[in-house]
1. Condition test on residue 274, is it without any contact (Cβ under 8 Å) to a residue 60 or more places away in the chain and within 22 Å of the chain's Cα centre (by Cα)?
2. So which strands (runs of 3 or more DSSP E) stay within segment 468-585 end to end and still have 1 or more residues that are open to solvent by less than 20 Å² (accessible area, probe 1.4 Å) and of a type in the set (Ser, Thr, Tyr)?
3. Of everything in segment 208-238, what is without any contact (Cβ under 8 Å) to a residue 60 or more places away in the chain and open to solvent by less than 70 Å² (accessible area, probe 1.4 Å)? Give them in sequence order.
4. Based on what the data block shows, is residue 511 out of contact with any strand residue (DSSP E or B) (no Cβ under 7 Å at 6 or more places or on another chain) and closer than 30 Å to residue 202 by Cα?
5. Residue pairs, Cβ under 6 Å, 6 or more apart or interchain, first in segment 119-142 and within 16 Å of residue 181 (Cβ to Cβ), second at pLDDT below 90. List them.
6. For segment 523-541, name all the residues that are under 12 Å from residue 467 (Cβ atoms) and touching a residue at least 40 places away in the same chain (Cβ under 8 Å).
7. Does any residue in segment 254-269 that is modelled with pLDDT under 80 come within less than 8 Å, Cβ to Cβ, of a residue that is among the aromatic types (Phe, Trp, Tyr) six or more places away or on a different chain, and which pairs are these?
Amino acid sequence: MSQLATIFRKIKDDFVNNHLAEEDKEKYRLLFSPFSTGFDYEDFLFLDTNKAAEEAHKYYDELYEFSQMANTICRGGNFWSVSGDRKDYLYSAYGEILRGLKLMDPDTLTIKMISGHPVFLKVLNLLQGDDFDEYRSYDSLIKKLGNEITALTENAPDNVLEIDLKKESLEKLETTWEASGNRQKVEAVILNVVKDEFKRFMRRFIATKGAFESAVRTHVEDTFYYTSCTPNNLYKGNSAEWKKIEIRKPELDTLSGLVREEEYGSIFGNSDMADIDIEKIEFELLFAKITRPWFDESLLRSPFWNMYVLNREDIDIPEVTTEFIFVRNVRIELPEHSDKNKKLLRTDQIQNLGPFIINTAQLRTGQKLNLNSVNTALNINRKTILNVSSGLEKKNKQDVQSMRTLISKKQQQFVTLAPRLQTDTVTVKKVNKARVTPRIAMEPKMKFTKMSPHIKFLLNVKGIFSFKDRDNQAAVAVLPQHLLFTTEGKPANITLINTSGHILEGSFNRNAELVMEVKVPGYVSQRITFTPASLLTGQVFTKNVFLQKEVKPTATVASKGFQLIGVVTRITDNFPTPIRGADYL
């Protein structure tokens, strides 16, 4: 397994050892994302409670996005991704329960109904005194005899004498217990305690339902429920308590042996890059605890509501997200001499390394590489990352190998298609909220231009240009406006058609000497001089254009914000069994 996976193992060990009690360790899972998602500190200004209401309203987009991420219900996969389906949000399932549950009528409750139910046993075990000790003793003996009789009846039905003797002993024991008067007295106390517990449940239920209704927010045409986190000063950068972690070579080797493929394999896909040699890893870690004023999980464990009257699929809550896992300033140091790294790390390239993005241009100045988030390093809108993530969530039931192949493909596509996905970048301060609407650059398929009279009637030929990445031969999306043609130093009017993402077709004067300038975002500009006639095959010529990725310094990217790389979830208890025979209204 990749040495890089030791980051995730180290994070898991830190959480289990420093944030959990021993008895809770089996109740929590750490799930990591295949795509590290970057945030600026200002993305969390909605946490600033000192802002006036009208100013805080400016940050609804961020609050809405945060609520969707925090309340996505994880449904058993081995990686985390936000869901785009409303039914997968915690507030949807929880709301169905609060609005549709039927509550027990405590006045109809009898000791016969609750006897043997977990709520009865819980109360009995909590009560102290001689009467209750005697009750527990009788109760234990009667259950023991009852179990023995059942076992004999099923496994040795011919042993009639022993069965009859045990039945006689059971009857005598029950008669003695009844005669003492202690049984009825204790059961009356237990029944009253259960009814009092129902009253406490009702108080919690009313308070929670009120908080739920007060927490509703509206975003465009959707509704969500206010969700926050602690520490609530993430927007202040260094004010939060980030923990510095360093993993040196000896610990790297130890942790690598503990990393399990089934835990972290999916987030690395099938990329060979995951196997690079690493000398040291360093990063800063923060667990942000999610807070929901409208969610009381204890209500779900109460037997005073009947889950069977609701649609189980609509109210399914197998896990609840409890913490976000944030990291920043993630760096790896490579060994000075590694044949493996020379093969895997291409010179001056932006590449994906599992869920992160690296820029090997940094190796010019040393052996350290920053591990950046996908959206920050590639200048892609964060929504694009989350949308792709939600698409994986829908396919999470595929077999593990198919899922790894799909994830690997998506990770590589982000790098390849980054120029097409990039947003217009304008620096604005969020306090002014002068939003720039991200857009995918799109143009009409055909760009019509007026042709010069002296070219118009000459014999034209069809030209086809195919654009590919020089290093990995992957198709590169190119639009007509990325090309500029000149002839004899003057603009040449060329009609271009985008027939596929990476293919452009045009009509050309067969004898003209043309200069084509190619300016594709994210790639090095280049000038190509050609004469169509020299390339012709029949009436068509084709030309492959190989583009070199543009190398931009990214050494300071990580320090400007932080990355969401996963979540902590708590496995919820099964819904309680309703009390048999009780009336639910």
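1. Against the criterion (without any contact (Cβ under 8 Å) to a residue 60 or more places away in the chain and within 22 Å of the chain's Cα centre (by Cα)), residue 274 does not qualify.
2. 561-571
3. The answer is 210, 216, 223, 231.
4. Against the criterion (out of contact with any strand residue (DSSP E or B) (no Cβ under 7 Å at 6 or more places or on another chain) and closer than 30 Å to residue 202 by Cα), residue 511 does not qualify.
5. 131/182; 134/182; 138/177
6. 523
7. What qualifies is 263/8; 266/79.
Every residue, every condition in (1) of a type in the set (Gly, Ala, Ser); (2) surrounded by fewer than 20 Cβ atoms within 10 Å (Cβ to Cβ), yes or no:
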site	(1), (2)
38	yes, no
42	no, yes
64	no, yes
88	no, no
110	no, yes
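The values are calculated or read from the model by the stated rules, or taken from the named source; none is laboratory data. Just so it is clear, the model here is predicted, and its values are computed rather than measured. Cβ coordinates were reconstructed from backbone atoms using ideal geometry, including for glycine residues, and neighbour counts include every protein chain displayed. Accessible surface is based on the protein model in full, side chains and every heavy atom, while ligands, DNA and RNA are left aside. Shrake-Rupley method; radii C 1.70, N 1.55, O 1.52, S 1.80 Å.
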